[in-house]
Ligand SMILES: Cc1cc2nc3c(=O)[nH]c(=O)nc-3n(C[C@H](O)[C@H](O)[C@H](O)COP(=O)(O)OP(=O)(O)OC[C@H]3O[C@@H](n4cnc5c(N)ncnc54)[C@H](O)[C@@H]3O)c2cc1C
């Protein structure tokens, strides 16, 4: 029996689902967002414990000058999130902290690596970009397979491996070379399959810190601003309701069945894991299903440390990678961006690493050992600890894997989220997928052109 009619049903109330709900409701569509948890936001939330405001993983938002998130904010948000205007990436070894080399010029001065190694890295990068115009497969090779002919040192490989993990979620043996060059801003990711990278590459003197920032108030401020911008008469949120089946007839989507209800609509947007799509829809094309099942996920562990007072070694506004260890970390001292995230005069730092096996306790202990090696005095400052285990992106960018397009093979079923667009990372990637899905929704006649 028909329960209620909507223009669109949105499965999942994470940032992807909320962004698309915002755009559609502003365009006068009646939408329903169905979220299986008792709270919206998915991986884009902040919660408080003992006066510390903890994001669901440390976040730095990319492409804030011209990117897809800022476009959506400009066009559709009535409540605007604020971002810190300063952000610098650093690399630490046991001797020093140095800016991450975002340009070839900075790489030449990056003396965390010996001169010979810097030369190897620069040569390898120039070769990769120059040769990619002649042979596209160069950028599709794994970073390791590409680099090995240059015979880099163990330390250089460790740095490259750590960057691969932080940019793609997988090791340098699984990460394609284009991802490393694109994610670090060396080539244009929007046009990774087109020629002409070299032209941009030789302008390497320009770096892109200015387009990155931390959302003041915590990551949830983006979710809250989006939700508060949604016209309430056009949107309904259902919490604690899980979509268990998509209802389709003759390959056209009609609605969804949840564990509590059935809903019908003109079109449906799915923002859960694409890997799980075959579980909730019958008769999905076998070839499409095989491709979805190839998607690989990475699991991350974040250790939040609350410090009684500010640690002098971590006084910068930005984030750092420590790479010279079995468990490398990315650390973000979020209270340096926004002091309100920690009690007065205290400091909050998030340390994230990728979990390579299922032994969480072992990873936490190894991560702590690495932190204590990198910043020995931190031991005396810690007054609070909190661990999170999360999946940072719904699919890792790996060699030989393509993500599904936001237009699914089921008519009027659209897909959004970090496993439907390979560009950029995290929330920016989610926003790209939303913009792309909207393009298809328009093309299919559900929105005015
Ligand atoms: C440790 C960590 C660090 C990160 N760092 C950054 C960063 O620096 N910069 C950045 O931009 N991003 C970062 N991210 C990534 C960013 O948080 C995510 O990309 C983004 O929040 C994903 O949003 P989403 O809506 O696509 O997915 P999700 O947040 O996963 O939302 C999907 C929602 O759908 C719901 N759902 C799924 N299936 C169903 C169903 N069948 N029925 C009903 N509901 C369903 C889920 O419960 C969930 O709420 C990081 C994430 C982590 C964990």
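Miscellaneous remarks
- For the range 207-353, the fraction of C-alpha pairs more than 17 angstrom apart is 76%.
- Folded to 0 to 90 degrees: helix 220-229 orientation relative to the chain principal axis, Cα: 30 degrees
- Taking the longest Cα principal axis of the chain as reference, the axis of helix 15-26 is set at about 50 degrees.
- Gaussian network model of the chain, springs between alpha carbon atoms under 10 Å - residue of 136, 296, 149 with greatest fluctuation: 149
- Put in order of Cβ neighbour count within 10 Å, fewest first, the listed residues 138, 434 become 138, 434.
- Alpha-carbon geometry of the range 296-426: the Rg and the Dmax are 17.9, 59 Å, given in that order.
- In the elastic network of the chain, a GNM with C-alpha springs shorter than 10 Å, the most mobile of 163, 15, 382 is 382.
- Note on 77, 337: ascending count of other Cβ atoms within 10 Å places them as 77, 337, the fewest first.
- Axis angle, to the nearest 10 degrees, between helix 360-374 and the longest C-alpha principal axis of the chain: 40 degrees.
- If you model the chain as an ellipsoid using its alpha carbon gyration tensor, with each semi-axis the square root of five times an eigenvalue, the axes come out at 37, 27, 20 Å, biggest first.
- When the chain is treated as a GNM with alpha-carbon contacts under 10 Å, the residue of 372, 329, 110 showing the greatest mean-square fluctuation is 372.
- 10 Å binning of all Cα-Cα separations within the range 1-89, expressed as whole percents from 0 upward: 13, 37, 34, 13, 3, 0
Throughout, read-outs are computed from the coordinates displayed, never taken from laboratory work. Since this is a predicted model, take the numbers as computed values, not measurements. For neighbour counting, all protein chains shown are included, and Cβ atoms are generated from backbone atoms with ideal geometry for every residue, glycine included.
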